Amino acid sequence: MFQGITLPVAGQGPHRDDGTVAAGFEHSPAGAALAAIQASVRMSVATDIQFPAVGQRMLAPGPGRDAWAVARAQVSITAPADTPPELLGYCVRAYTPAHAEIAIYARQPDNSLTCNSEIVVWQNGDWKLLLPDQLRTQAVTSVPTTPADMVVLALH
């Protein structure tokens with residue numbers, strides 16, 4: 001659990017979790033997907049005290065991370081999410097040993113389904129979430145259903 005959201009843990013990672021930052025993901029498609037899920041959720045709901053560590057250790061350095069840090073510093077989060085989404089699963093849309101594109105599917109509190117597209121890169125022995133240099137038009141999109149090739153998360 002992180003800030004009221006149940007996150008996946010598997011043999012592919014994370015192998016370390018200090019309560020704020022998760023790390024130690026396998027250098028594989030499944031490891032990349034788990035890292036993308038962990039990092040995107042943690043960066044979205046980390047508290048004011050947690051967000052600097054999440055940014056420094058789970059996000060790839062660059063203009064995207066810098067812009068996120070500036071924007072995040074202007075928002076205050078002090079408590080867990082009231083009505084968090086339910087993570088359903090993921091699809092690895094592209095994979096190389098250096099870069100992976102992951103689609104993350106979730107059920108929102110209103111029962112709608114969404115897809116969050118993320119990119120992770122292999123740096124310093126772990127996967128890091130790569131934030132875009134500029135705002136994306138829609139990082140999260142509404143979807144009518146989850147795809148048949150989705151890897152279902154068994155979250156308890």
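Evaluate the following for residue 42: is it open to solvent by less than 50 Å² (accessible area, probe 1.4 Å) and closer than 29 Å to residue 27 by Cβ? Criteria met by residue 42.
Within segment 24-39, restricting attention to residues that are in contact with a helix residue (DSSP H, G or I) (Cβ under 9 Å, 6 or more places away or on another chain) and part of a helix (DSSP H, G or I), the residue that is surrounded by the fewest Cβ atoms within 10 Å (Cβ to Cβ) is 38. Going through (1) more than 16 Å from residue 54 (Cβ to Cβ); (2) out of contact with any helix residue (DSSP H, G or I) (no Cβ under 6 Å at 6 or more places or on another chain) one by one, residue 80 falls short only on (1). Please give the number of the condition residue 20 fails out of (1) assigned to a helix (DSSP H, G or I); (2) β-branched (Val, Ile, Thr); (3) within 22 Å of residue 85 (Cβ to Cβ). Going through the list (1) assigned to a helix (DSSP H, G or I); (2) β-branched (Val, Ile, Thr); (3) within 22 Å of residue 85 (Cβ to Cβ), residue 20 breaks only (1). Within segment 88-112, residues that are within 13 Å of residue 36 (Cβ to Cβ) and open to solvent by 60 Å² or more (accessible area, probe 1.4 Å) sit with their Cβ atoms under 7 Å from residues that are outside any strand (DSSP E or B) and not basic (Lys, Arg), at 6+ positions apart or across chains, in these pairs: 95/29; 95/32.
The values are calculated or read from the model by the stated rules, or taken from the named source; none is laboratory data. Small disclaimer: the values here were computed from a predicted structure and weren't measured. Note that each Cβ is placed from the backbone with ideal geometry, even for glycine, and that neighbours are counted across all protein chains shown. Note: areas computed on protein heavy atoms with side chains; ligands, DNA, RNA excluded. Shrake-Rupley method; radii C 1.70, N 1.55, O 1.52, S 1.80 Å.
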